[in-house]
Amino acid sequence: MSQEVLYRKWRPASFGDVAGQDPITSTLRNAVAAGTPAHAYLFTGPRGTGKTSTGRILAKAVNCLAPVEGEPDGVCESCRAFAEGRALDLIELDAASNRGIDEVRALRESVGYAPNAATYKVYLVDEVHMLTDAAFNALLKTLEEPPGHVIFVLATTEPHRIPPTISSRCQRFDFRRIALTPTVEQLHMIAAREGIEVAEGGMELIARQAGGSLRDAVNLLDQLAAYHGRSLDIEAVQRGLGLVVDDRAAQLARAAVERDLPAGLALLAAVRDDGIEVRAFVREVVQTLRTLLMLRAGAREELELSDGQLAELMPVAESASASDIVGALSALGEIDFAGDNYDALPAEIAFAAHAVGLPAERDALAQAAPAAAPAPAPSRPREAQPERQPRARQQRPQPQPPQPRAEPAPAAATPSPAPARAASGGRRPPRRPPPPAGGAVPAGLAARRG
């Protein structure tokens, strides 16, 4: 006989069984009751919130032979086929391992065939964000105008990776993390039907550890029952979840609020020497500080504390100020253990910095940023200046009209030597020697003259 895990065994079978998603299940139930389901749906949200289960319920409801107000009746042949996993008209495709264009082309070819036995053929594509761009492009036309007998249900945990051309052609439903109360109710129901006894407060610890994922919560319950048996006390639940159950967590929280450096370092050293995981211990201290802050703020009703816990923490909350608690919470809540969960040095440094009043790293950076750029000096008021008299405009000299230029006087006419040249046959006449001093005339010249 094969063993079936609890989360598969108690998977919801109708819209009413889906926990914590009432707006979504009501909308889908009304669409089925009216006979107007959409041709494509996009389910987004964190893991373990019911996306795949809701898609299967939708496929069963639209093909039910006698639905009751939008819910599958669970007794017809079609509902039994879907519940037993032998329905041929529900095609589930894991896009993480079938992400190529060839798989999408095969899907497109099968879309044209009529359903085998049901009214609708439902294609449930899980982790659809893993498809390639070419696969999305190949799916686009089929998703926009599918045959009337086809419904697509696309599920993803990363809706930001879905192309807008795909998401705009689908009705989108965002699945939220399941609240603490619905998770605890589902765990109690499963435990009662499986014969598992859990001590008071144990289911709340399991639900908080799951972080809003109902599948994780049911898995944790299954693991605890397999390891510790069908009867679980609170200590078994805490050990199975890896929670540190140590009274020193409250003592370190008190030391952090009071900034008691010796006591805090001594507690951290003792925890390290005892082989306790320091990271888990600090997480428990942070949870205690949060409880102190809630008590100091007057939100006692929101906390589920025993009388012993209330008697231990209430005096600390009343004696401390809200700023002291917030400072301790900020200092211990931002510790980076860098992968070594048993190293106490990061916690010791953070506690010592808080105890001596050193600012946190981000606060120091925020204070250093304005100091790097000095603020401009305040501007001094300007003294009143005497009124300036308008300067007299100087008269520019007017340009004078240009004066006519005087023509130069003609030079005296000189006798032209041309006739003498003509008389001598074109030769220049010989130059006469200058007369001698005293007026005497040479004898030859005088005889020639005579």
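The values are calculated or read from the model by the stated rules, or taken from the named source; none is laboratory data. Keep in mind it's a predicted model, so treat the numbers as computed, not measured. Backbone-built Cβ (ideal geometry, glycine too); neighbour counts: all protein chains shown.
Points worth noting:
- The lone criterion from (1) under 26 Å from Glu277 (Cα atoms); (2) outside any loop (DSSP other than H, G, I, E, B); (3) out of contact with any Phe, Trp or Tyr (no Cβ under 6 Å at 6 or more places or on another chain) left unmet by Met314 is number (1).
- When restricted to residues that are farther than 13 Å from Arg290 by Cα and touching a helix residue (DSSP H, G or I) at 6+ places or on another chain (Cβ under 7 Å), the stretch 321-337 contains 3.
- Members of the stretch 78-95 that are loosely packed, with under 13 Cβ neighbours inside 10 Å and touching a Cys at 6+ places or on another chain (Cβ under 6 Å): none
- Filter result for Thr54 (touching a residue at least 24 places away in the same chain (Cβ under 8 Å), polar (S, T, N, Q) and over 17 Å from Pro115 (Cα atoms)): yes
- Val62 being more than 30 Å from Leu180 (Cα to Cα) and surrounded by 15 or more Cβ atoms within 10 Å (Cβ to Cβ): yes
- Residue list for the stretch 77-103, filter: part of a helix (DSSP H, G or I) and either out of contact with any strand residue (DSSP E or B) (no Cβ under 9 Å at 6 or more places or on another chain) or closer than 16 Å to Lys121 by Cβ (or both): Glu77, Ser78, Cys79, Arg80, Ala81, Phe82, Ala83, Glu84, Ile101, Asp102
- Taking the stretch 8-23 as the range and being closer than 13 Å to Thr52 by Cα and not polar (S, T, N, Q) as the test, the residues that pass are Arg8, Arg11, Pro12, Ala13, Phe15, Val18.
- Flag for Asn98 being out of contact with any Ser or Thr (no Cβ under 9 Å at 6 or more places or on another chain), at pLDDT below 90 and surrounded by 13 or more Cβ atoms within 10 Å (Cβ to Cβ): yes
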